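**Student:** Pasting a structure below so you can have a look.
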Amino acid sequence: HVHLNEGEFTTRLMSGRVDVAASPDLTWRNLVQYDGDSKSLSAQSRLRWIYKPGQEMFLVGLYGWDKADHQSPLVPTTQELALKVQYTIRF
């Protein structure tokens, strides 16, 4: 419930998280959210692999869908995939 000077309203946000740790060096984190007011669904997924100490790789995906109204189907709005390689020089 949100109370503002201009008025008040109720919003609903549902979310779920699934995290998997295959080992200390390999993890997979996932988050899914649905916002009832904007009728949007989003999902984020991140795979992290530490292949050597100080060297790691991330694969990140971001996806989104929107609905015009409650009867409409979900329409894809966002599809992004990024790869990041991190290398630390130690001396």
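**Student:** For a quick check of your reading of the model, give me the residue pairs whose first member lies in region 10-33 and is more than 17 Å from residue 60 (Cα to Cα), whose second is in a loop (DSSP other than H, G, I, E, B), with beta-carbon atoms closer than 8 Å and at least 6 apart or on different chains.
**Tutor:** These pairs meet every condition: 10/1; 11/36; 11/37; 12/36; 12/37; 13/36; 14/36.
Yes/no matrix, rows are residues, columns are (1) modelled with pLDDT of 95 or more; (2) in contact with a Phe, Trp or Tyr (Cβ under 8 Å, 6 or more places away or on another chain):
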{"position": "22", "(1), (2)": "yes, yes"}
{"position": "26", "(1), (2)": "yes, yes"}
{"position": "32", "(1), (2)": "yes, no"}
{"position": "36", "(1), (2)": "no, no"}
{"position": "69", "(1), (2)": "no, no"}
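**Student:** While we're on this one: Within the set of pairs 6+ apart or on separate chains, which have a first residue in region 40-62 that is of a type in the set (Val, Ile, Thr), a second that is surrounded by 15 or more Cβ atoms within 10 Å (Cβ to Cβ), and C-beta atoms under 7 Å apart?
**Tutor:** 50/56; 60/46
The values are calculated or read from the model by the stated rules, or taken from the named source; none is laboratory data. Note that the structure is predicted; figures quoted are calculated from it, not measured. Note: ideal-geometry Cβ built from the backbone for every residue, glycine included; neighbour counts use all protein chains shown.
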